[in-house]
1. Considering only segment 105-141, state which residues are within 29 Å of GLY162 (Cα to Cα), charged (D, E, K, R) and within 19 Å of the chain's Cα centre (by Cα).
2. What's the total number of residues in segment 1-60 that are assigned to a loop (DSSP other than H, G, I, E, B), more than 24 Å from TYR222 (Cβ to Cβ), at pLDDT below 95 and open to solvent by 90 Å² or more (accessible area, probe 1.4 Å)?
3. How many residues are more than 30 Å from ARG47 (Cα to Cα) and in contact (Cβ under 8 Å) with a residue 60 or more places away in the chain when one looks only at segment 186-226?
4. Considering GLU229, GLU241, which residue is closer than 19 Å to TYR40 by Cβ and surrounded by fewer than 19 Cβ atoms within 10 Å (Cβ to Cβ)?
5. State which residue pairs qualify: first residue over 22 Å from ALA179 (Cα atoms) and open to solvent by 70 Å² or more (accessible area, probe 1.4 Å) and inside segment 274-300, second residue at pLDDT 90 or above and of a type in the set (Val, Ile, Thr) in any location, beta carbons under 9 Å apart, and separation of 6 or more residues or different chains.
6. If I ask for residues that are of a type outside the set (A, V, I, L, M), at negative phi and open to solvent by less than 20 Å² (accessible area, probe 1.4 Å), which ones from segment 61-89 would you list?
7. Please specify each residue of segment 260-288 satisfying the condition of being at pLDDT below 95 and either small (Gly, Ala, Ser) or outside any loop (DSSP other than H, G, I, E, B) (or both).
Amino acid sequence: MSVEFREEPCRNALNRVQNMPFKWSLNPYMGCAHRCTFCYVRGFERRADRPSGEAYGRSVRVKINVAQVLRRELARTSWTREVVAIGAATDPYQPAEGRYRLTRGCLQAFADARSPFSLITRGPMIVRDLDVLRDAATRADVDVTFSIPTLDPEIWRRTEPGTAPPRQRLRALRMLVDAGIDTGVGIAPVLPGISDKPALLADVVKAARDAGATKVWCNVLYLQPGTREHFMEHLARDWPELVPSYLALYRRPYPDRATSEPVRSLVTALKTRFDIADRRARPLEPSRGKDTPRPAAEQLALAM
């Protein structure tokens with residue numbers, strides 16, 4: 001698939017966020033070449049009257065000055081070093097990052113400002129920036145999550161067409177953990193009737209433990225308008241027998257608790273069974289001056 005890269009400057013780097021467990025987000029790009037069928041950002045694109053179907057991800061805005069703008073914002077006396085979620089609306093390590101290195105520039109800005117961040121990605125390219133991540137983690141709280149909804153190769157190919165294989169993400173996770181970076185796995189989104197089978201979830205949790213993940217969390221599929229139409233088209237193509245059950249489950253964007261709670265409970269039990277814990281041999285602890293507040297590390301539990 002060909003992707004158009006639109007090099008456009010931005011006025012602001014940090015975005016104020018509402019109704020989320022974090023107050024600020026940063027997205028070096030707009031649009032995502034990963035084109036996951038379940039991506040919740042498609043809903044935001046539809047509300048903004050931008051393409052949310054097959055055309056989404058074919059054009060990516062590159063915020064060419066985002067690192068410079070971020071440095072100015074982090075230098076403001078009003079900035080109190082709150083946690084910033086990186087990658088809430090686009091993958092910061094999608095293929096464009098190999099060329100533009102905007103995410104790397106932003107991480108360097110956070111490190112220099114001693115400002116904390118959480119980052120979520122499906123991109124093993126993050127290992128390129130181990131040096132910057134280590135530096136940042138000695139100055140402020142740094143938290144990385146690899147989104148790994150499933151290890152099943154068929155489900156992965158059908159639902160995450162532009163992403164690196166899940167096992168590659170696990171190898172990258174191991175490298176980050178070995179470098180002392182607090183790195184976990186988000187099983188998100190879990191797809192009812194597809195990736196929610198106990199054996200499939202156990203495979204992910206066990207693999208996360210074997211790779212050294214410091215934590216594991218999960219989210220069940222969220223289908224708001226924009227995402228819903230695109231996902232249902234692909235469901236009808238790949239798993240047509242599940243269309244009636246999805247129409248019944250998703251009368252609203254979230255399924256009811258009878259569907260979501262058993263999944264969360266099972267993942268909680270699997271975390272205990274496989275003894276998920278922080279086993280870093282060299283955990284990096286930020287050195288904190290008197291003027292540096294200790295932020296609460298925010299877990300970015302979003303289904304991308």
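The values are calculated or read from the model by the stated rules, or taken from the named source; none is laboratory data. On a predicted model such as this, the values are computed, not experimentally measured, just so you know. Reconstructed Cβ throughout: ideal geometry from the backbone, glycine too, with neighbour counts over all protein chains shown. With ligands, DNA and RNA removed, areas are computed over all heavy atoms of the protein, side chains included. Shrake-Rupley method; radii C 1.70, N 1.55, O 1.52, S 1.80 Å.
1. ARG122, ARG128, ASP129
2. Filtering segment 1-60 down to residues assigned to a loop (DSSP other than H, G, I, E, B) leaves 1-3, 9-13, 17-23, 27-28, 31-40, 48-58.
Cutting the leftovers down to more than 24 Å from TYR222 (Cβ to Cβ) gives us 1-3, 9-13.
Among the residues that remain, those that are also at pLDDT below 95 are: 1-3.
With open to solvent by 90 Å² or more (accessible area, probe 1.4 Å) added as a condition, the list becomes 1-2.
Final tally of qualifying residues: 2.
3. First, the residues of segment 186-226 that are more than 30 Å from ARG47 (Cα to Cα): 197-216.
Of the ones still in play, those that are also in contact (Cβ under 8 Å) with a residue 60 or more places away in the chain are 198, 201-202, 205-206, 208-209, 212-216.
Selection size over segment 186-226: 12.
4. GLU229
5. Close Cβ pairs satisfying both conditions: none exist.
6. The initial filter retains those residues of segment 61-89 that are of a type outside the set (A, V, I, L, M), namely 61, 63, 65, 68, 71-73, 76-82, 87.
Add one more test, that the residue is at negative phi, and what stays is 61, 63, 65, 68, 71-73, 76-80, 82.
Answer for segment 61-89, where residues must be of a type outside the set (A, V, I, L, M), at negative phi and open to solvent by less than 20 Å² (accessible area, probe 1.4 Å): LYS63, GLU73.
7. Within segment 260-288, ALA281, SER287 qualify.
Residues are listed down the side, and each one gets a yes or a no for (1) outside any loop (DSSP other than H, G, I, E, B); (2) more than 23 Å from MET20 (Cα to Cα); (3) at pLDDT 95 or above:
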| residue | (1), (2), (3) |
| --- | --- |
| HIS230 | yes, yes, no |
| GLU233 | yes, yes, yes |
| GLU241 | yes, yes, yes |
| SER245 | yes, yes, yes |
| PRO255 | no, no, yes |
| ASP291 | no, yes, no |
